[in-house]
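Have a look at the structure below, then the notes.
The values are calculated or read from the model by the stated rules, or taken from the named source; none is laboratory data. Note that this is a predicted model, so its numbers are computed, not measured. Please note: Cβ atoms are built from the backbone with ideal geometry, for glycine as well, and neighbour counts cover all protein chains shown.
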Amino acid sequence: MTGAFVYGALYSVATITSSAGPLFLVLTVAAAVGRPAYGAGLSLAYGVDRGLPFLALGLLAGRLGAWLERVERVRRPAEVLSGSPAGCLGR
């Protein structure tokens, strides 16, 4: 069960697209084992963990917006400072 939970977490962070492929993999493993309850548990663990990052993002969206407003004040100086070495290398 823990493996399905971790697999869902890693896959949800790495992708934002459909997750039909990995879900079929989880169900295939469950079918190979031959225990429907185990397959249901794997699917539940994978599905819950697949949705957790999106739930967290939704809950923290307001705070993230406030943080981005503060960062916006120093964005231009940071761009100039970080781009200066690249500009010097191009000469």
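Go through the residues of region 71-78 one by one and say whether even a single one is surrounded by 12 or more Cβ atoms within 10 Å (Cβ to Cβ), in a helix (DSSP H, G or I) and over 19 Å from the mean Cα position of the chain (by Cα). It would help to see each step written out before you state the result.
Pass one, region 71-78, residues surrounded by 12 or more Cβ atoms within 10 Å (Cβ to Cβ): none.
No, because not a single residue in region 71-78 is surrounded by 12 or more Cβ atoms within 10 Å (Cβ to Cβ), in a helix (DSSP H, G or I) and over 19 Å from the mean Cα position of the chain (by Cα).
Any idea which residue in region 40-60 is modelled with the lowest pLDDT, counting only those that are among the small types (Gly, Ala, Ser) and surrounded by fewer than 11 Cβ atoms within 10 Å (Cβ to Cβ)?
Gly58
Tell me whether region 54-67 contains one or more residues that are within 30 Å of Gly3 (Cβ to Cβ) and outside any helix (DSSP H, G or I).
no
Return yes or no: is Ala45 small (Gly, Ala, Ser) and closer than 25 Å to Thr2 by Cα?
For Ala45, the condition - small (Gly, Ala, Ser) and closer than 25 Å to Thr2 by Cα - is met.
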